Every structure is written in structure tokens, then in C-alpha cells.
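Note sheet for the following structure.
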Amino acid sequence: MSDVHNVIIIGSGPAGYTAGLYSARAMLEPLMFAGYMSGGQLMLTSDIENFPGYPEGIGGPEMMMQLREQAERFGLTVQDKNVEAVDTQSRPFKVTVEGEDFFAHSLIICTGAESIWLDAPGEADQKGRGISTCATCDGAFFREEEVLVIGGGDSACEEATFLTRFASKVTLIHRRDVFRASTIMYERAANHPKIEIKTFRQVKEWLSDEKGLTGAVLEDPRDGSTEEIAATGAFIAIGHKPITSFLGGQIDTDDNGYIIHQSHTMTSVDGVFAAGDVVDTRYKQAITAAGMGCQAAMDAEKWLEENVH
Ligand code: NAP
């Protein structure tokens with residue numbers, strides 16, 4: 001068996017890097033598998049305006065680079081690889097990465113969440129072409145074009161506002177007239193001259209021709225009436241689902257796949273901790289993920305002291 005690490009951190013958003021920082025400073029020599037796309041969802045975000053300590057805001061990728069550098073300075077080792085499987089039945093735990101096995105006395109799972117797609121008819125053909133879940137990544141492809149944004153949360157309002165930099169018109173489509181978005185994000189979108197908001201509308205079907213997306217059929221959920229809307233781009237922002245399938249059901253989750261904490265940040269398996277959006281069904285903020293990453297590292301340190309060292 002190769003070396004047994006004190007702690008392996010899986011995932012690299014604000015939760016993972018903060019767990020890395022704290023466990024490195026606790027001299028646990030943590031190893032992180034950051035994923036091929038390290039940095040998590042904030043790598044796809046433009047400006048973060050609500051993380052304390054940045055009065056002018058900061059770009060998502062820039063913040064993730066800084067968090068990584070800070071943790072590496074204290075001894076976090078990062079590999080930009082995806083974890084394929086974990087075995088939590090054996091002790092030490094086994095983590096399989098690109099066919100290679102790694103072993104650790106404790107694990108901190110910070111794999112976060114990924115975008116949910118609508119899966120309306122016609123969507124599959126247009127994924128990554130006319131239909132995207134990331135305005136920061138794909139918005140610039142739609143210069144002077146008309147685009148749709150689907151959803152009523154902070155993500156939808158943020159994406160709609162961001163897209164006004166490129167698109168000639170943005171139509172925000174929401175299935176009811178109450179918005180989950182925070183007031184500031186909603187008002188920024190609602191007051192923007194390039195944004196039109198259509199409520200009580202759901203995408204029934206996407207329309208396209210050989211050149212790409214041409215629009216959508218929208219349905220009013222109250223009476224089933226339909227209308228067509230023209231657009232060459234669409235951005236789906238209807239929420240996220242936790243990334244837990246690689247755990248193979250070994251750790252208790254709720255019906256939606258979110259890991260359940262049993263005691264502080266410890267999961268149903270003794271010695272396995274979890275932090276950030278993979279657990280969080282309520283707050284889902286960079287700052288709350290970072291805070292939970294700190295808690296998980298402190299819990300892991302205490303657990304290692306009491307159970308291993
Ligand atoms: P969210 O708050 O869960 O909102 C998802 C939206 O999509 C809801 O309005 C929901 O409608 C709608 N929706 C869900 N399924 C749908 C479907 N099948 N068809 C049509 N509409 C559907 O998700 P989010 O906007 O991604 O935000 C997630 C978390 O991240 C939140 O806590 C948010 O505050 C945070 N966030 C923060 C920032 C920031 O502060 N800068 C930016 C982005 C996100 P209903 O309302 O009818 O359910």
C-alpha cells in the first residue's frame with residue numbers, strides 16, 4: 001500500500017480550498033484532487049460582489065487562484081484530476097483517481113454542484129451550441145443577438161444582467177411571478193433597459209433550423225396557452241444538483257443527492273466529512289462554503305487526533 005495521507009480533500013471550490021488551507025496549517029499535509037476543471041462553479045462567475053474583504057468585487061477565477069495559492073503556501077498538494085470512486089468500507093479509505101489508488105485516514109468531500117438542464121424537447125441538439133448553462137463562458141458568442149434566460153433565482157438575474165454586455169435584447173422567462181432572487185439582483189435585471197421579463201412562462205419546446213437555435217415555444221402554466229418567441233441563444237439558470245454519484249451510495253444523502261451531516265460536518269461514515277454546496281440546500285454562497293470548509297478541516301483534525309494519532 002502506498003503512503004496513507006491524513007486527509008484527502010475531494011473538490012476545489014471555496015469549501016475545498018478553505019479546508020485545504022486549514023488542514024495544511026494544522027500540519028496534516030493534505031492532498032487535494034481538484035478535478036479537471038479546478039475551482040468549481042466560481043470559475044464560471046464574472047464578479048463576486050458579496051465576499052467580505054473585496055470592496056470593489058473580484059472575478060471568480062481570480063479569487064479561486066488566490067485561495068489555491070494561499071493554501072499551497074502552507075503545504076496543500078493539489079492534483080487537477082477527477083476522483084473516479086471512493087471506498088469508505090475499508091480502512092484507511094481508498095480513493096481511485098485515473099486508475100491509481102490513494103489512501104487516507106480521513107476524507108473531506110467538497111465536490112459542489114452542477115447546473116440542471118431543462119431537458120425540454122429540442123434541447124439535446126442545441127446543448128453547447130445555442131443553449132448553454134453558463135453566460136460567463138458563452139455569452140460573448142451572442143453579440144447583438146436576442147437571447148433568453150430561464151429561471152427566477154439569483155443565477156438567472158445575474159446571467160441576464162451579464163448578457164446585456166453582448167446581446168441586443170435579453171428576455172428573462174420565469175414560470176411564476178414571485179422571484180427567489182435577492183432584491184438587489186432582481187432589481188438590477190428588472191430595471192435594465194435591455195431586459196424584458198416574462199412571467200408565467202415555461203419552455204415547452206426549443207425551435208431550431210440548420211443554422212442553430214431560432215427560439216422557443218412558451219407555455220403559460222396557468223391555462224396551457226402557448227406563444228412563440230424568437231432567440232438565437234438561451235441560457236438555462238434553474239438551479240444546481242450536488243455532485244455525489246461517484247460516492248456510489250456509500251454516504252447518506254437526501255432524496256436530491258445532498259450529503260447529510262450527522263455530527264457537525266461529519267457524514268454517515270466515521271472519518272468522512274463534507275462541506276459546501278454538496279451539503280448545502282439553503283445558503284449556497286461562496287462565503288458559507290468557505291466557512292463550512294474551515295469547519296470540516298477543524299472537525300477532521302480533531303477526529304484524527306482522537307481516532308488515529
Ligand atoms: P435557485 O435559487 O434554486 O432558483 C432556481 C430558479 O429556477 C427558481 O426561480 C425556480 O423556479 C426555477 N426553476 C427550477 N426548476 C425549473 C424548471 N424545471 N422550469 C422552470 N424554472 C425552474 O437557483 P440559483 O438561482 O442557481 O441560485 C442557487 C443559490 O446560489 C441561491 O442560494 C443563490 O442565492 C445563490 N447565488 C448567489 C449569487 C450571488 O449572490 N452573486 C449568484 C448566483 C446564485 P421557482 O422559483 O418557481 O421554484
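Derivation of every value follows stated rules applied to the coordinates shown; laboratory data play no part. These numbers come from a predicted model, not from an experiment. A quick note on method: Cβ atoms are made from the backbone with ideal geometry, for glycine too, and the neighbour counts reach across all protein chains shown.
Bin width 10 Å, alpha-carbon pairs only: give the P(r) of the chain as whole percents, running from 0 to the bin holding the largest distance.
6, 26, 29, 21, 14, 4, 0
Can you give the % of DSSP beta bridges in the chain that are antiparallel, to the nearest 5?
50 percent
Taking the Cβ of Val308 as the center, what net charge do the other residues with Cβ under 12 Å away carry, scoring Lys and Arg +1 and Asp and Glu -1?
Local net charge: -2.
Springs between alpha-carbon pairs under 10 angstrom, Gaussian network model over the chain: which of Ala189, Ala120, Ala216 fluctuates most?
Greatest mean-square fluctuation among the candidates belongs to Ala120.
Mean shadow of the stretch 106-159, computed from the convex hull of its alpha carbons, in nm²?
Approximately 5.5 nm², given one-decimal rounding.
Of all DSSP beta bridges in the stretch 117-236, what percent run antiparallel (nearest 5)?
45 percent
Cut-off under 19 Å on the C-alpha distance; same-chain residues fewer than 8 positions from Lys198 excluded. Which aspartates and glutamates are left, in chain and number order?
Glu145, Glu146, Asp154, Glu158, Glu159, Asp177, Glu187, Glu219, Asp220, Asp223, Glu227, Glu228
Which residue, Met64, Met266, Met185, has the most motion in a Gaussian network model of the chain that connects Cα atoms within less than 10 Å?
Evaluated over the chain, the most mobile residue of the options is Met185.
For a quick protection proxy, order the peptides 225-234, 30-39, 269-278 by their average other-Cβ count within 10 Å, most packed first.
269-278, 30-39, 225-234
Might you list the cysteines of the chain that have no disulfide-compatible partner by the rule of another cysteine's Cβ under 4.7 Å?
So, Cys110, Cys157, Cys294.
Hey, if you put +1 on the Cβ of every Lys and Arg and -1 on every Asp and Glu Cβ in the chain, which of Trp303, Gly35, Pro55 ends up farthest toward the positive end of that dipole?
Of the options given, the answer is Pro55.
Could you check which residue among Met65, Met43, Met292 shows the biggest mean-square fluctuation in a GNM of the chain with a 10 Å Cα cutoff?
Sorting by GNM fluctuation, first place goes to Met65.
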